[in-house]
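Chemist: Please find one structure pasted underneath; my questions will follow.
The values are calculated or read from the model by the stated rules, or taken from the named source; none is laboratory data. No experiment lies behind these values; they were computed from the predicted model shown. Here the Cβ positions follow ideal geometry from the backbone for every residue, glycine too, while neighbour counts run over all protein chains shown. Side chains included, ligands, DNA and RNA excluded: accessible areas come from the protein's heavy atoms. Shrake-Rupley method; radii C 1.70, N 1.55, O 1.52, S 1.80 Å.
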Amino acid sequence: MLCAALACANVLAADYPAKPIRFISPFVPGGSQDVIARIVGGKLAERTGQQVVVDNRSGAAGLIAAELTAKAPRDGYTLMMITAGPITIAPALQRKLAYDPLRDLAAVTQLVETPMALVASPSFAAKSVTEAIALAKAKPGQINYASVGNGSVSHLTMELFKTHTGTDMAHVPYKGAVPAFTDLIGGQIALLFITTASVQPLAAAGKLRVLAVAANKRSSMLSEVPTMSEAGVRNFVVPVWAGIATTAGTPPAVIDKLYREMHAILQLADVRERMAQLGSDIVASTPREFTALLKEDLARWAAVIKTANVKVE
């Protein structure tokens, strides 16, 4: 029976894909992560000769999309663009999830990562990370920071930073980056952690100050900005990752074929150029490497959420 099952799986992989692929994007059309999904989806369609339909299922912080993927047939014909929110943060935030990210989803590859940047209002007195930490310690609980939403990577990164540096700052959650940036620029908010891709245009216009990037190396988009380590905060690296998953139980040979296709796509010159324009560094990890990242991320954010006592309504 086992041999028969393996034989069927190998035949399925050899013919894969033999019909259109549904690519679920938990984002609204036009956002940077959705653009990445459409870039790799379009290239996958070109390489395989099969239609890849990007299905936008935004809402509920990605939970709707993740549940749809988890309950899809186990054949590799349903893919999902995954990020930390519904995969490695929600399990520690939500009392009940309709899926288990490690049990019900199968990692294919981490496509890209984008570093987080600590940005400050132009009117904020501190001009460096060291000065910001000193000011926060001198005025515990009096300096406020924004996030793009309660329980978001933006929020949790600052909570991790507070623990890492022994500081206490007040959280002001916003519904998205635009209102957070508005108040940051206006001086109502002092600090914000956000991706470098989101920051670069405003930084170039002189509307905010970028203090550091939470990465091992400087960002190509903000080459003049130091890393956290260079700024005096050691071992503080928080990349925002995006990757592809499919339904658990999909034959390993199909997952391997998907990975090989994605790896090849990410080596294409036009794809690499487009990703760079979006401020994303290409990763192209194996399914095993990506699974290890998910496990590490789950543990990290669970610890942050517990320590900071983060709650969502």
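Chemist: Got a sec to turn the phi values of region 137-153 into Karplus ³J(HN,Hα) couplings, 6.51 cos²θ - 1.76 cosθ + 1.60 with θ = phi - 60°, whole Hz, x for Gly and Pro?
Modeler: Going residue by residue, I get 6, 6, 10, x, x, 9, 8, 9, 9, 9, 9, 8, x, 5, x, 6, 4 Hz, with x marking Gly and Pro.
Chemist: Helix 177-186: angle to the longest alpha-carbon principal axis of the chain, degrees 0 to 90, nearest 10?
Modeler: 10 degrees
Chemist: Continuing with the same structure: Order Glu131, Glu261 by their accessible area, 1.4 angstrom probe, all chains in place, largest first.
Modeler: Glu131, Glu261
Chemist: Which value, in debye to the nearest 20, gives the size of the charge dipole of region 91-249 about its Cα centre, when Lys and Arg are +1 and Asp and Glu are -1 at the Cβ?
Modeler: 160 debye
Chemist: Label 7 Å along Cα→Cβ of Ser223; region 172-202 residues with amide nitrogen under 20 Å?
Modeler: Flagged as within label range: 196-202.
Chemist: According to the square roots a ≥ b ≥ c of the eigenvalues of the Cα gyration tensor, what is the shape class of region 177-305, taking rounded for a/c under 1.5, prolate for a/b larger than b/c otherwise, and oblate for the remainder?
Modeler: It is prolate, given that a/c is not under 1.5 and a/b is the larger ratio.
Chemist: Tell me which trypsin sites (Lys or Arg not before Pro) from region 15-87 have a DSSP coil assignment and no more than 13 other beta carbons within 10 Å of their own.
Modeler: Sparse-neighbourhood loop trypsin sites (Lys or Arg not before Pro): Lys71.
Chemist: Can you find, among Ala106, Ser121, Ala212, the residue sitting farthest towards the positive end of the charge dipole of region 87-225, where Lys and Arg contribute +1 and Asp and Glu -1 at Cβ?
Modeler: Result: Ser121, furthest along the dipole toward the positive end.
Chemist: Still on this structure: Determine the dipole magnitude for the chain: charges of +1 sit on the beta-carbon of Lys and Arg, -1 on that of Asp and Glu, nothing else is charged, the reference point is the Cα centre, and the result goes in debye to the nearest 20.
Modeler: Dipole magnitude for the chain comes out near 360 debye.
Chemist: Taking square-rooted eigenvalues a ≥ b ≥ c of the alpha carbon gyration tensor, is the chain rounded, prolate or oblate, where a/c under 1.5 means rounded and, failing that, a/b exceeding b/c means prolate?
Modeler: Here the chain falls in the prolate category.
Chemist: Mean residue ellipticity at 222 nm from the helices of the chain, using -39,500 (n - 2.57) per DSSP H segment of n ≥ 4 over the full residue count, to the nearest 500 deg cm²/dmol?
Modeler: Value at 222 nm, helices only: -13000 deg cm²/dmol.
Chemist: Report the label-to-label distance for Asp168 and Glu131 in nanometres (one decimal), using points 7 Å from each Cα along the Cα→Cβ vector.
Modeler: 2.5 nm
Chemist: With every protein chain left in place, what is the accessible area of Thr307 in Å² (1.4 Å probe, nearest 10)?
Modeler: 100 Å²
Chemist: Heavy-atom accessible area of Phe181 with all protein chains present, probe 1.4 Å, nearest 10 Å²?
Modeler: The value for Phe181 is about 20 Å².
Chemist: What's the FRET efficiency of Glu230 with Asp55 using the Cβ-Cβ distance as r and R₀ = 25 Å, to the nearest 0.05?
Modeler: In this case the efficiency is close to 0.05.
Chemist: Sticking with this structure for a sec: How many angstrom lie between the Cα centre of region 110-162 and the Cα centre of region 38-84?
Modeler: 32 Å
Chemist: Moving to a separate point now. Under a point spin-label approximation (7 Å from Cα along Cα-to-Cβ), what is the Asp256-Ala18 distance to one decimal in nm?
Modeler: Distance between label points: 2.0 nm.
Chemist: What residue among Ala70, Leu156, Pro251 has its Cα farthest toward the positive end of the dipole of the chain, where the charges are +1 on Lys, Arg and -1 on Asp, Glu, each on the Cβ?
Modeler: Leu156
Chemist: Another question about this same structure. Going toward the positive end of the dipole of the chain, with +1 on Lys and Arg Cβ and -1 on Asp and Glu Cβ, which of Thr182, Leu268, Val225 do you reach last?
Modeler: Comparing the listed Cα positions along the dipole, Thr182 ranks first.
Chemist: Along the Cα→Cβ direction, 7 angstrom out, place labels at Arg288 and Ala205. What is the inter-label distance in nm?
Modeler: The two pseudo-label positions are separated by 4.7 nm.
Chemist: Give the shape of region 216-289 as rounded, prolate or oblate, defined through the alpha-carbon gyration tensor: a ≥ b ≥ c are the square roots of its eigenvalues, a/c under 1.5 means rounded, and otherwise the shape is prolate if a/b is larger than b/c and oblate if not.
Modeler: Here region 216-289 falls in the oblate category.
Chemist: Using +1 on the beta carbon of Lys and Arg, -1 on that of Asp and Glu, and nothing else charged, what's the dipole of region 66-151 about the Cα centre, debye to 20?
Modeler: So the magnitude is around 320 debye.
Chemist: Compute the accessible area per residue over region 106-206, keeping the other protein chains in place, probe 1.4 Å, unit Å². If you can, show how the numbers build up before the last one.
Modeler: Details: 3710 Å² over 101 residues.
Solvent-accessible surface per residue comes out at 37 Å².
Chemist: Also, quick follow-up: If ligands, DNA and RNA are left out, what is the accessible area of Tyr16 with a 1.4 Å probe, given in Å² to the nearest 10?
Modeler: 10 Å²
Chemist: Sticking with this structure for a sec: Sorted by accessible area (1.4 Å probe), largest first, how do Lys306, Lys175, Lys295, Lys162 line up?
Modeler: So, going from the largest accessible area down, we get Lys175, Lys306, Lys295, Lys162.
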